[in-house]
1. Around L27, under 10 Å between beta carbons, what's the net of Lys plus Arg minus Asp minus Glu among the other residues?
2. Can you put S108, S46 in order of accessible area, largest first, using a 1.4 Å probe?
3. For R14, R53, give me the order by solvent-accessible area with a 1.4 Å probe, most accessible first, ignoring ligands, DNA and RNA.
4. At a Förster distance of 25 Å, what's the computed FRET efficiency of A66 paired with E93, Cβ-Cβ distance as r, to 0.05?
5. Which length gain, in nm to one decimal place, applies between L112 and A34 when the Cα-Cα distance is subtracted from 0.36 nm times their residue separation?
6. Counting only protein chains, not ligands or nucleic acids, how are L117, L69, L122 ordered by accessible area (probe 1.4 Å), most first?
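The values are calculated or read from the model by the stated rules, or taken from the named source; none is laboratory data. Just so we're clear, the structure is a prediction, and the values are computed from it rather than from any experiment. Because the Cβ atoms are built from the backbone with ideal geometry, glycine has one as well, and the counts that use them run over all protein chains shown. Only protein heavy atoms, including side chains, enter the accessible area calculation; ligands, DNA and RNA are left aside. Shrake-Rupley method; radii C 1.70, N 1.55, O 1.52, S 1.80 Å.
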Amino acid sequence: MSTSNPRHSLPQPRQLRCETCGTEQHLTIHAITAMGAANGDLVTVSYTCNDCRGFQEHLAYAGDVAAALHHLPSLAKVIMFGDDYIHCGFPMEEAEFEIERLCYRSSSVGGLSTVSLPTRVLRCRCGFQLEVPE
């Protein structure tokens, strides 16, 4: 009698590699998210293949992702690592809080309407700047 429940089994960590091309040589990593202390060194990693443009996201071991980061020829311009945005190898720092106003024309109102979105401005040591939704 088996006590395992197949509906509750977690996906198994996989190596970083393009399932279409069968290689790990042409990947660009976009995001790495830790799964929490209860899951050991498991992370969720998102990446694309530069050859076939295929996107993948799956569980992986943090050590495997760290090794891939060290050996991959290209990285995304900005990598989201948990809650941090990384550019030039360093976490970007919050610069200030800004409100972005978007305008649109509505035929029912008969004029311009605005929408306000709270955002954060992040800056890198190199001067690169990124505005992300709050």
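1. Details: positive: R17; negative: E24, D51.
Taking every Cβ under 10 Å from that of L27, the sum is -1.
2. Details: S108 105, S46 10 Å².
The ranking, largest first, comes out as S108, S46.
3. Numbers: R14 90, R53 170 Å².
So the residues, ranked largest to smallest area, are R53, R14.
4. The pair A66/E93 has a calculated efficiency of 0.65.
5. Working it through step by step, the gained length comes to 23.8 nm.
6. Correct descending sequence by accessible area is L117, L69, L122.
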